[in-house]
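Asks: Shown below is the structure under consideration.
The values are calculated or read from the model by the stated rules, or taken from the named source; none is laboratory data. These figures come from a predicted structure and were not determined experimentally. In this analysis, Cβ positions are derived from the backbone assuming ideal geometry, glycine residues included, and neighbour counts consider all displayed protein chains.
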């Protein structure tokens, strides 16, 4: 499984970012290979529209199977993600990435 | 002459001023009032005009042709508004994010994104005994107001002669729809109220209007409530104050009944007269 986390910093030790489209980074963890990939979304701060679809596009490009985030995507992004069949877990906005992963493994996160 | 009636803050009295001023001026000259607050047009509540005609207004949206698309994703890269998304073997179009700029359609190497018309709203034309009235009305759920505002203005410019006084009731705020509403006005009236919130948003509206290099003046509505900071600000910035419309329960009651205020309250009518004189002087100096 490739798991994408919306984060504040480009590291595994980062805190999670509750917002989906306007998260500055995505930390992608590949469970099979153990690889961690960082996607930089920081330029979204300068853009007024379409943050959700832009992030959904990034998730498609990263080929994320699972997304772990805080508040969950908006209507536009959700339309894309459901078409791709991505599983989304929410409610992990205020904890660290590693705690969010633990919570996911222990099935403690809410499915969006 | 084209006069836009705008404000930073919502609820300061744009529509009250627009409808009353239009009907007041319409007693002595040809006037068309245009409601460009297309997301919630409400001027007609006070006019009860006779319906003349209605036109559907369209926007152009790309439609994806799966048979010819080579999935180069060039369209996704060039769209400034993230209105196109590429997933697996599909391009998704988000009509609400699309600004109808044609970039994806024109630059697609295989012409797989032809533009097609979609209804975005309606334009209606009414007539009262004193004035003509035109409104744009955006469909519910539609997000892009600018194109409808632009099309409504085009209709007015085509339909009415140059010597018709055109009053544009603009949306609140200082974003794209407001810019579109005031960008070709000869004069902008900024309506505000004498409160800290009114002053804060007035300063934003003044900055916007100055950036567009427009002649403008301020009308203070509900004068007598709040404080004198708006007045001091206008003095300091050398902004003409066209009228101070007194704060009055009676005016609020008439408004809530959908009635024109200048016909019932003499002081209100005097303020309309002051604005009319100012505009007349402005028009003379301009000519």
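Asks: Which of the residues spanning segment A:85-106 are surrounded by fewer than 17 Cβ atoms within 10 Å (Cβ to Cβ) and within 14 Å of chain B (Cβ to nearest Cβ)?
Replies: A:85
Asks: In addition: Determine which single condition residue A:33 fails, assuming it passes every other condition in (1) part of a loop (DSSP other than H, G, I, E, B); (2) more than 14 Å from chain B (Cβ to nearest Cβ); (3) on the phi < 0 side of the Ramachandran plot; (4) surrounded by 15 or more Cβ atoms within 10 Å (Cβ to Cβ).
Replies: Every condition holds for residue A:33 apart from (4).
Asks: Could you please give the count of residues in segment B:83-94 that are surrounded by fewer than 16 Cβ atoms within 10 Å (Cβ to Cβ) and either at pLDDT 90 or above or facing another protein chain (nearest Cβ under 8 Å) (or both)?
Replies: Total meeting the criteria: 2.
Asks: Another question about this same structure. State whether one or more residues within segment B:202-210 are surrounded by 13 or more Cβ atoms within 10 Å (Cβ to Cβ), more than 20 Å from the chain's Cα centre (by Cα) and not in a strand (DSSP E or B).
Replies: No, segment B:202-210 has no match at all.
Asks: Something else: Give the residue, chosen from A:95, A:44, that is under 19 Å from residue B:81 (Cβ atoms) and more than 12 Å from the chain's Cα centre (by Cα).
Replies: Among A:95, A:44, only A:44 is under 19 Å from residue B:81 (Cβ atoms) and more than 12 Å from the chain's Cα centre (by Cα).
Asks: Which numbered condition in (1) at pLDDT 95 or above; (2) closer than 26 Å to residue B:212 by Cβ; (3) out of contact with any strand residue (DSSP E or B) (no Cβ under 7 Å at 6 or more places or on another chain) is the only one that residue B:26 fails?
Replies: Single failed check for residue B:26: (2).
Asks: Shifting gears a bit: Please verify whether segment A:19-30 includes one or more residues that are touching a strand residue (DSSP E or B) at 6+ places or on another chain (Cβ under 7 Å), within 14 Å of chain B (Cβ to nearest Cβ) and surrounded by 19 or more Cβ atoms within 10 Å (Cβ to Cβ).
Replies: yes
Asks: Restricting to segment B:41-77, what's the tally of residues that are at the interface with chain A (Cβ under 10 Å from one of its Cβ atoms) and assigned to a loop (DSSP other than H, G, I, E, B)?
Replies: The qualifying residues number 1.
Asks: Which of the residues belonging to segment B:179-197 are crowded, with 17+ Cβ neighbours inside 10 Å and assigned to a loop (DSSP other than H, G, I, E, B)?
Replies: B:185, B:193, B:194, B:195
Asks: Here is a follow-up. Condition first: free of Cβ contacts under 8 Å to residues at least 60 places away in the same chain and either assigned to a helix (DSSP H, G or I) or touching a strand residue (DSSP E or B) at 6+ places or on another chain (Cβ under 7 Å) (or both). Now tell me which residues in segment B:215-226 satisfy that.
Replies: Listed by number, the residues that qualify are B:216, B:218, B:220, B:223, B:224.
Asks: Please go through segment B:165-178 and give me each residue that is surrounded by fewer than 17 Cβ atoms within 10 Å (Cβ to Cβ) and in contact (Cβ under 8 Å) with a residue 12 or more places away in the chain, ordered by number.
Replies: Scanning segment B:165-178 gives a single hit, B:176.
Asks: Conditions: (1) within 14 Å of chain A (Cβ to nearest Cβ); (2) buried (at least 17 other Cβ atoms within 10 Å of the Cβ); (3) under 29 Å from residue B:184 (Cβ atoms). Residue B:80 meets all but one. Number of the miss?
Replies: (2)
Asks: Kindly provide the set of residues from segment A:87-112 that are touching a residue at least 24 places away in the same chain (Cβ under 8 Å) and not in a helix (DSSP H, G or I), ordered by number.
Replies: A:87, A:88, A:92, A:93, A:94, A:95, A:96, A:109, A:111, A:112
Asks: Within segment A:42-57, which residues are within 21 Å of residue A:79 (Cα to Cα) and either part of a helix (DSSP H, G or I) or at pLDDT 95 or above (or both)?
Replies: Result: A:44, A:51, A:52, A:53, A:54, A:55, A:56, A:57.
Asks: Do we have residue B:62 as surrounded by 13 or more Cβ atoms within 10 Å (Cβ to Cβ) and at pLDDT 95 or above here?
Replies: yes
Asks: Here's another thing I want to ask about it. When you scan segment B:250-268, how many residues do you find that are surrounded by fewer than 16 Cβ atoms within 10 Å (Cβ to Cβ), touching a helix residue (DSSP H, G or I) at 6+ places or on another chain (Cβ under 7 Å) and in contact (Cβ under 8 Å) with a residue 24 or more places away in the chain?
Replies: Qualifying residue count for the region: 1.
Asks: Now for a different question. Residues to consider are A:62, A:109; find the one that is in contact with a strand residue (DSSP E or B) (Cβ under 9 Å, 6 or more places away or on another chain), under 20 Å from residue A:1 (Cα atoms) and away from every other protein chain (no Cβ under 14 Å).
Replies: A:109
Asks: Anything in segment A:36-59 that is surrounded by fewer than 18 Cβ atoms within 10 Å (Cβ to Cβ) and more than 10 Å from every other protein chain (Cβ to nearest Cβ)? List them, or say none.
Replies: Matches in segment A:36-59: A:36, A:37, A:38, A:40, A:42, A:43, A:45, A:46.
Asks: Would you please name the residue that is nearest to residue A:92 (Cα to Cα), looking only at residues in segment A:65-78 that are within 12 Å of chain B (Cβ to nearest Cβ) and surrounded by 20 or more Cβ atoms within 10 Å (Cβ to Cβ)?
Replies: A:77
Yes or no, residue by residue, for (1) within 14 Å of chain A (Cβ to nearest Cβ); (2) surrounded by 21 or more Cβ atoms within 10 Å (Cβ to Cβ); (3) assigned to a strand (DSSP E or B); (4) in contact with a helix residue (DSSP H, G or I) (Cβ under 6 Å, 6 or more places away or on another chain):
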{"residue": "B:104", "(1), (2), (3), (4)": "yes, yes, no, yes"}
{"residue": "B:117", "(1), (2), (3), (4)": "no, no, yes, no"}
{"residue": "B:121", "(1), (2), (3), (4)": "no, yes, yes, yes"}
{"residue": "B:125", "(1), (2), (3), (4)": "no, no, yes, no"}
{"residue": "B:129", "(1), (2), (3), (4)": "no, no, no, no"}
